[in-house]
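Just so it is clear, none of the values below were taken in a lab; they were calculated from the coordinates. Computed from a predicted structure; not experimentally measured. Please note: Cβ atoms are built from the backbone with ideal geometry, for glycine as well, and neighbour counts cover all protein chains shown.
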């Protein structure tokens, strides 16, 4: 019984779709963007631009501006990601090093300039933390704001 209802429903849907297709095809009011006519020539001797042409030009202009803005944002995002990657590299180096306590050292990176803040137990630990940061590939410079306890 249920299968019979589903088949009937499917047949009705197909018939409606086919009817709609043929009605639209045979209808005299088909929508066509190509009228076959050339654009009229304005009083300045140039072809008049249609609203669609102006919209297309405006869309192109907006697309160009958006593309430039996206490219700029992508560059900023890439820089932020590379700064975060440098911070992660330095923190992991310090965590793996036996002479430094990475949990007490805050590492901030901005435009490849690394700033080390926090409290260390000795001058040797301070030197080692700065050395690890300087040896990391991609670091431009290191600001040492570490305090020795």
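Assorted remarks:
- Net lengthening on full extension, residue 18/residue 72 (0.36 nm per residue, minus Cα-Cα): 14.4 nm
- For the stretch 82-149, share of DSSP beta bridges that run antiparallel, in % to the nearest 5: 45
- Placing R0 at 41 angstrom, the Cβ-Cβ distance between residue 137 and residue 65 gives a FRET efficiency of 0.70 after rounding to 0.05.
- Counting beta carbons within 10 Å around each of 93, 3, 143 and listing the fewest first gives the order 3, 143, 93.
- Percentage relative contact order, the stretch 82-149, counting C-alpha pairs under 8 Å, at least six apart: 34
- FRET efficiency for the pair residue 55 and residue 82, taken as 1/(1 + (r/R0)^6) with r the Cβ-Cβ distance and R0 = 35 Å, rounds to 0.30.
- Rounded, prolate or oblate (a/c below 1.5 giving rounded, otherwise prolate when a/b exceeds b/c) for the stretch 82-149 by Cα gyration tensor: prolate
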